[in-house]
1. I need the inter-copy label distances for A:Thr88: point set 7 Å along Cα to C-beta, values in nm with one decimal, smallest first.
2. Quick one: Karplus J couplings for segment B:151-163, per residue in order, coefficients 6.51, -1.76, 1.60, θ = phi - 60°, nearest Hz, x for Gly and Pro?
3. Along the Cα→Cβ direction, 7 angstrom out, place labels at B:Asp115 and A:Thr121. What is the inter-label distance in nm?
4. Step through the residues of segment B:59-70 one at a time and calculate ³J(HN,Hα) from phi using the Karplus curve (6.51 cos²θ - 1.76 cosθ + 1.60, θ = phi - 60°), rounding each to whole Hz and writing x for Gly and Pro.
5. Can you sort B:Phe25, B:Phe160, A:Phe111 so the residue with the fewest Cβ neighbours within 10 Å comes first?
6. Just the number, please: percent antiparallel of the DSSP beta bridges in segment B:1-83, rounded to the nearest 5.
7. Please report the relative contact order for segment B:4-188, taking Cα pairs under 8 Å with a sequence separation of at least 6, and give it as a percent rounded to a whole number.
8. Give me the count of lysine pairs in chain A whose alpha carbons sit under 14 angstrom apart, restricted to pairs 8 or more positions apart or on different chains.
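None of the figures in this text is laboratory data; all of them are computed from the coordinates on show. Treat the numbers as computed from the prediction; the structure is a model and nothing was measured. Because the Cβ atoms are built from the backbone with ideal geometry, glycine has one as well, and the counts that use them run over all protein chains shown.
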2 protein chains.
Amino acid sequence: MIKNLILASSSPRRRELLEQIGLQFEIIPSVGEEVISHTDPIAVVKELSLQKAMEIYQSHHFYTSSVILGADTVVACHNHILGKPKDTHDAFQMLQMLQGTIHSVYTGITFINTDTGKIDTQCCQTLVHVYPMSDVEIFEYIKTGEPMDKAGAYGIQGHFAAFIKKIDGDYNNVVGLPVSLVYQYLKNDR
Amino acid sequence: MIKNLILASSSPRRRELLEQIGLQFEIIPSVGEEVISHTDPIAVVKELSLQKAMEIYQSHHFYTSSVILGADTVVACHNHILGKPKDTHDAFQMLQMLQGTIHSVYTGITFINTDTGKIDTQCCQTLVHVYPMSDVEIFEYIKTGEPMDKAGAYGIQGHFAAFIKKIDGDYNNVVGLPVSLVYQYLKNDR
């Protein structure tokens, strides 16, 4: 755990998760356009996490040993990949798709070691079981304002907890960053 | 969702979870001594949640239709039932038992309808997979102060997230209250 950690993301939830486990880190958000060349969700999140980390690696000079962390999260359900909803209508359609069934949340994470240039990209999957929701419950949930900036149009750490039956996998992966994977990687990367 | 909800617990985490999903409720903490007559963890948490709810039901008059909610959480690992640690030595022994293996968290919840006297007791189980931890990591974790007021000597919602590999079940059950079960019960109890 000797290296400086750089989070290539402006997501407040990712920042909070790293703070929660007591890690010290800096934030240098990636700003580049995301280019998707895949249709498989695992390939998509790995590709985008790599693009984010690589942008910071190539555009900065690092004078101390650092590890850059890029991350990207999507929801996949019935062969659809769900990112952030465009508007409330889009959020409604996403939540109608997710209610009463099981979906997967994928987060791709890429580590780049600035000393060696070594790149390590992984993907973490969590299965999420959602209770049936009525249209009224979906409308009421959208009114909380939670869905609009979140992949799949829900926040498991907010009001939507009322509708989560169970998960199989890492909870924080659904929030947006599998922090235990990050901790275990840094611990073993000496 | 028309009834008044009464939480028979002073646990700040249970209060926060009910607030998180936007429920209105009152708190009337149970204060009676907990009497355990079982050795099976499921029977223990069901019994204790019933005692807590029953204490409030029998010691108060209810002028509005209410549902009383009692809850109790334990950790079970290798045939041991773990409650809150007595001291840091006890916490160390619990965490040594949990590291590198899988344990179960059980929360018993009892609902009592004050109009009908109907009692409903359920148990929710979540499997938790913990990464291997060195003695130094356990010491450092105990130094955060998190373990002392928590069943099994850890808080999944705190620093301990660094050591959680995955879960199978309800996350909030591990925090101390399966709030989705509470919401779904109240929604269907008309």
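1. With the label placed 7 Å along Cα→Cβ, A:Thr88 yields 5.3 nm.
2. 4, x, 6, 8, x, 5, 8, x, 4, 5, 3, 5, 10
3. The modelled label-to-label distance comes out at 5.8 nm.
4. The phi angles translate into 9, 10, 9, 10, 9, 10, 4, 9, 10, 8, 10, x Hz.
5. B:Phe25, A:Phe111, B:Phe160
6. Around 35 percent of the beta bridges assigned by DSSP in segment B:1-83 are antiparallel ones.
7. 22
8. Step by step, the pairs that qualify in chain A add up to 4.
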